[in-house]
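The values are calculated or read from the model by the stated rules, or taken from the named source; none is laboratory data. Only a predicted model underlies this, so the values are computations on that prediction, with no experimental measurement involved. All Cβ positions, glycine included, derive from the backbone under ideal geometry; neighbour counts span all protein chains shown. For accessibility, only protein heavy atoms count, side chains too; no ligands or nucleic acids. Shrake-Rupley method; radii C 1.70, N 1.55, O 1.52, S 1.80 Å.
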Amino acid sequence: MITKQELRPRRSEALRLFRKAKIHLSGKERRSIEVADFGRHAFADTSLGVLVCVNTDRRCAKDLALWSGQMRPQHRHPPVGTDPGKEEIVCCRRDRVHRFIEGTRTRRPGARSPRAPRRACTVGREIVLEAGDPFTVRPGMRHGLQAGPRGAVVSAFSTRSTDENDLLDDLRILRITPVA
Ligand code: ZN
């Protein structure tokens, strides 16, 4: 949960990161930035700012702002009805992100260990994305994301996004953040 008092300064911080990445937003877009804390109320660890630019029945474009070391927890995009699951191309726009996916575990990962139960961090192949680097997440693939020490801005282009259907491996997490 995030309080209304917290929402405004967090949105301003996300906006500052977007501006640094030279992403300019309209007033409506600025007001629509979601601050997702995944119900953990652990802002420094597990949180991000989300701007949904477009999300139709067929496609979605979003920008994500992450503060230093913040994580998008491990999850996957399952089939929904006749849709085989979201396919997503993520492109780092500023600084660096550490992508974690299924595969052979990286022996000395550059990201710090997440503060989460072991069962919620089962994928350990690390892909480091610098500004301009893309990576494709296939439907059903387990994946997570952590910003580098200077934070990061990431653009995500995908088939239709239904975040509420994401399957998170940390059962303490809520994808949709309540605002009180
Ligand atoms: Zn995802």
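Okay, here's what the table says:
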| item | result |
| --- | --- |
| Test for Arg94: is it in a strand (DSSP E or B), modelled with pLDDT under 95 and open to solvent by 20 Å² or more (accessible area, probe 1.4 Å) | no |
| Any chance Ala131 is in contact with a strand residue (DSSP E or B) (Cβ under 7 Å, 6 or more places away or on another chain), more than 15 Å from the ligand (Cβ to nearest atom) and under 24 Å from Ile33 (Cβ atoms) | yes |
| Selection status of Arg58, at pLDDT below 95 and either away from the ligand (no atom under 16 Å from the Cβ) or assigned to a strand (DSSP E or B) (or both) | yes |
| Residue count, the stretch 111-128 (criterion: within 16 Å of the ligand (Cβ to nearest atom), under 18 Å from Phe38 (Cβ atoms) and surrounded by fewer than 17 Cβ atoms within 10 Å (Cβ to Cβ)) | 1 |
| Scope the stretch 49-69; condition closer than 12 Å to Ala152 by Cα and surrounded by fewer than 22 Cβ atoms within 10 Å (Cβ to Cβ); matching residues | Trp67, Ser68, Gly69 |
| Subset of the stretch 110-129 [under 20 Å from Val154 (Cα atoms) and either part of a loop (DSSP other than H, G, I, E, B) or of a type in the set (D, E, K, R) (or both)] | Gly110, Ala111, Arg112, Pro114, Arg125, Glu126 |
| Single residue of the stretch 138-153 satisfying the filter (basic (Lys, Arg) and within 20 Å of Glu102 (Cα to Cα)) that is most open to solvent (accessible area, probe 1.4 Å) | Arg138 |
| Flag if Arg8 is more than 27 Å from Asp169 (Cα to Cα) and either in contact (Cβ under 8 Å) with a residue 60 or more places away in the chain or open to solvent by 50 Å² or more (accessible area, probe 1.4 Å) (or both) | yes |
| Inter-residue pairs, beta-carbon under 9 Å, first of a type outside the set (Val, Ile, Thr) and in the stretch 133-146, second within 9 Å of the ligand (Cβ to nearest atom) and open to solvent by 50 Å² or more (accessible area, probe 1.4 Å), 6+ apart | Pro139/Arg76; Gly140/Arg76; Met141/Arg76; Arg142/Arg76; His143/Arg76 |
| Pair list, Cβ < 9 Å and 6+ apart or interchain, from the stretch 70-81 residues that are modelled with pLDDT of 90 or more and open to solvent by 30 Å² or more (accessible area, probe 1.4 Å) to residues that are basic (Lys, Arg) and more than 10 Å from the ligand (Cβ to nearest atom) | Val80/Arg160 |
